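To keep things clear, I will list the structure first and then write my remarks on it.
Bear in mind these aren't lab numbers, they're just calculated from the coordinates by the rules spelled out. This structure is a prediction, so every number in the text was calculated from the model and none was measured. Positions of Cβ are generated from backbone atoms using ideal geometry, with glycine treated the same way; all protein chains shown enter the neighbour counts.
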């Protein structure tokens, strides 16, 4: 009995010593860095107060850098969409989604869309110019190529496309006439409808955006405490936060990702604009 007690004490001590004093959090590179930080400030402040942890923002410009951060231990938590998570999981098995954020409609799923300026006409006899987000964005080459093929019988590899590095950039540059089509997240595309953008196709529901933890750098207790705290935040608190975190969260389900069949080798890392 004494040996068991000493063993448990040793395990607890090791976990305590291995717990990080500062948790490095990487927001998703969807918008400008300051907007990303502002979106998560209320949530992270709440976590700091409840769990007495310090959260440091680690801003990365693209998904590839976030994946590198998990592997080298410089990122403990990231906010990721489904395709970046699947890519991360493929290269780094110790990444696990713990909570998924609700969308404006209260559901955790979202859709990717194709959008164009309302006065523009899609001429399939011409090579089309298509604005994409990032190579590892779910609404980038991956879903855009599927929507073009299924809805319009257009092969994206035979068109001209370029990565604009954000959903907003893709939509704005299409508004400016630099492209004829843009691939983007549904809620972001709808923000540009008053400027003349129209949605012409949408995907099936996709797994929502989640907080993904690094199980190599955080202890099981830290992960459990963070997940439980986030899932039990009263609505009368989070509804005042604004943005991403103001609609609450649900527990992530790995089954949500199973229907996404992705061959990452078919996704080009660079555009082919002349």
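In the chain, the calculated helix contribution to ellipticity at 222 nm averages -10500 deg cm²/dmol per residue, counting -39,500 (n - 2.57) for every DSSP H run with n ≥ 4.
Of the beta bridges in the chain, as assigned by DSSP with both residues counted there, near 65 percent are antiparallel. In the chain, the longest principal axis of the Cα atoms and the axis of helix 63-72 are about 20 degrees apart.
Highest mobility in the GNM of the chain, judged by mean-square fluctuation with C-alpha springs under 10 Å and restricted to 42, 82, 205, is found for 205.
Helix 143-152 axis versus longest C-alpha principal axis of the chain: approximately 30°, rounded to the nearest ten.
With contacts taken as Cα pairs under 8 Å at a separation of at least 6 residues, the chain carries a relative contact order of 26 percent.
In terms of its C-alpha gyration tensor, region 124-163 has an oblate overall shape, because the principal axis ratio a/c (a ≥ b ≥ c, square roots of the eigenvalues) is not below 1.5 and a/b does not outweigh b/c.
Helix 2-18 and the long axis of the chain differ in direction by around 40°, with both axes built from C-alpha atoms. Nearest 0.05, what FRET efficiency do residue 228 and residue 190 give at R0 = 35 Å with Cβ-Cβ as r? For residue 228 and residue 190, the calculated efficiency is 0.55. Between 120, 54, 72, where does the largest GNM mean-square fluctuation fall for the chain, given springs only between Cα atoms within less than 10 Å? For the chain, modelled as a Gaussian network with Cα springs under 10 Å, the answer is 72.
Here 122, 180, 23 are placed in order of increasing Cβ neighbour count within 10 Å, fewest first, which gives 122, 180, 23.
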